[in-house]
1. Among the residues of the range 84-92, is there at least one that is among the hydrophobic types (A, V, I, L, M, F, W, C) and surrounded by fewer than 13 Cβ atoms within 10 Å (Cβ to Cβ)?
2. So if I check each of Leu151, Leu159, Leu163, which one is hydrophobic (A, V, I, L, M, F, W, C), under 30 Å from Leu269 (Cα atoms) and out of contact with any Pro (no Cβ under 6 Å at 6 or more places or on another chain)?
3. Quick one: Val127 ticks every box in (1) β-branched (Val, Ile, Thr); (2) touching a strand residue (DSSP E or B) at 6+ places or on another chain (Cβ under 8 Å); (3) farther than 21 Å from Arg20 by Cβ bar one, so which box is it?
4. Could you list, in sequence order, all residues of the range 30-49 that are farther than 17 Å from Phe213 by Cβ and touching a Ser or Thr at 6+ places or on another chain (Cβ under 9 Å)?
5. Only one of Gln157, Gln186 is surrounded by fewer than 19 Cβ atoms within 10 Å (Cβ to Cβ) and among the polar types (S, T, N, Q); which?
6. Go through the range 113-147 and give me each residue that's over 18 Å from the mean Cα position of the chain (by Cα) and open to solvent by less than 30 Å² (accessible area, probe 1.4 Å).
7. I'm told Glu226 meets every condition in (1) under 16 Å from Ile132 (Cα atoms); (2) open to solvent by 50 Å² or more (accessible area, probe 1.4 Å); (3) in contact (Cβ under 8 Å) with a residue 60 or more places away in the chain except one. Can you identify the failing condition by its number?
8. On the basis of being under 20 Å from the mean Cα position of the chain (by Cα), surrounded by 15 or more Cβ atoms within 10 Å (Cβ to Cβ) and without any contact (Cβ under 8 Å) to a residue 60 or more places away in the chain, does Ala25 make the cut?
Amino acid sequence: MTAIASAAGSFRLGDRVVNRMGYGAMQLAGPGVFGPPKDRAEAVAVLREAVASGVNHIDTSDFYGPHVTNQIIAEALHPYPAGLTIVTKVGAVRGADASWNPAFEPDDLVRAVHDNLRNLRVEAVDVINLRIMGKVHEPGEGSIARQFAALAKLQEQGLVRHLGLSNATSTQAKEARGIAEAVCVQNHYNVVHRADDALIDELEAAGIAYAPFFPLGGFTPLQSAELSAVASDLGATPMQTALAWLLARSPNILLIPGTSSRAHLRENLAAAKLELPEAARARLNAIGAA
């Protein structure tokens, strides 16, 4: 199988170099990212095809399910192939009603890291992102020093290789980097939602990766007449076009689009080869500026 994911190029993530077209495992859990998937065999097949297609950066969390996505990743891929980087996150837990609840005290974070280690079947996690709940899907200011220091201690103990942030502000990223190296930031960003434009440029200058979550709109898929029109002109789907725009936006952007379908996976991966003419980029840039 052709390693199509490599067509988008690569970027450094800590001591790893990963293909910029990755995969997000959130949709492998059941509806609402809660409980088991309807088709576990298909979930396993999606992961195996992603890796066979050149994906070597998988994003997950033990609070997806909870525990479900990490257990499926281990079932599908363990023992993990050389070069595969698994990025997970801590800072929340799921309630029995499927609610997303902060679990942000240092003791909570330590427990969560050990949950990830157990369910992924690893002795050390490649990258742990501190997921700051803030406004759930939008950052909110506030010190993260105690929490990031707790993760840095686990890194010193050899349980975590690299640290990052999720749902963070520029101020929080600077605070974290004063405590320990942060190799990535994962925030809400796409062709329509452009609040992090300045942060992406700051991180690029520092050589730090940026992974947009909800690159295709998340629970509410992207809808834009202009996006659809540009896609039609390119002979691509709107979602492929939105992913290609992200790849063109900045070289430090790492994509982690998720799906529970092999057909949809192939559609997403094809965006790695989609070239955007300058005129098309300008039209797409104008969407976020509107």
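1. Residues of the range 84-92 among the hydrophobic types (A, V, I, L, M, F, W, C): 84, 86-87, 90, 92.
The next check asks that each one be surrounded by fewer than 13 Cβ atoms within 10 Å (Cβ to Cβ); those that pass are none.
Taking every residue of the range 84-92 in turn, none turns out to be among the hydrophobic types (A, V, I, L, M, F, W, C) and surrounded by fewer than 13 Cβ atoms within 10 Å (Cβ to Cβ).
2. One residue alone meets the criteria, Leu163.
3. Condition not satisfied by Val127: (3).
4. Of everything in the range 30-49, those that are farther than 17 Å from Phe213 by Cβ and touching a Ser or Thr at 6+ places or on another chain (Cβ under 9 Å) turn out to be Pro37, Lys38, Asp39, Glu42, Ala43, Val46.
5. Numbers: Gln186 fails: surrounded by fewer than 19 Cβ atoms within 10 Å (Cβ to Cβ).
On inspection, the qualifying residue turns out to be Gln157.
6. Within the range 113-147, Leu117, Asn119, Ala124, Gly140, Ile144, Gln147 qualify.
7. Among (1) under 16 Å from Ile132 (Cα atoms); (2) open to solvent by 50 Å² or more (accessible area, probe 1.4 Å); (3) in contact (Cβ under 8 Å) with a residue 60 or more places away in the chain, Glu226 violates only (1).
8. Values: under 20 Å from the mean Cα position of the chain (by Cα): yes; surrounded by 15 or more Cβ atoms within 10 Å (Cβ to Cβ): yes; without any contact (Cβ under 8 Å) to a residue 60 or more places away in the chain: no.
It is false that Ala25 is under 20 Å from the mean Cα position of the chain (by Cα), surrounded by 15 or more Cβ atoms within 10 Å (Cβ to Cβ) and without any contact (Cβ under 8 Å) to a residue 60 or more places away in the chain.
The values are calculated or read from the model by the stated rules, or taken from the named source; none is laboratory data. This one's a predicted model, so the numbers in the text were calculated from it and none came from an experiment. Please note: Cβ atoms are built from the backbone with ideal geometry, for glycine as well, and neighbour counts cover all protein chains shown. Quick note on the areas: whole protein, heavy atoms, side chains included, nothing else; ligands and nucleic acids left out. Shrake-Rupley method; radii C 1.70, N 1.55, O 1.52, S 1.80 Å.
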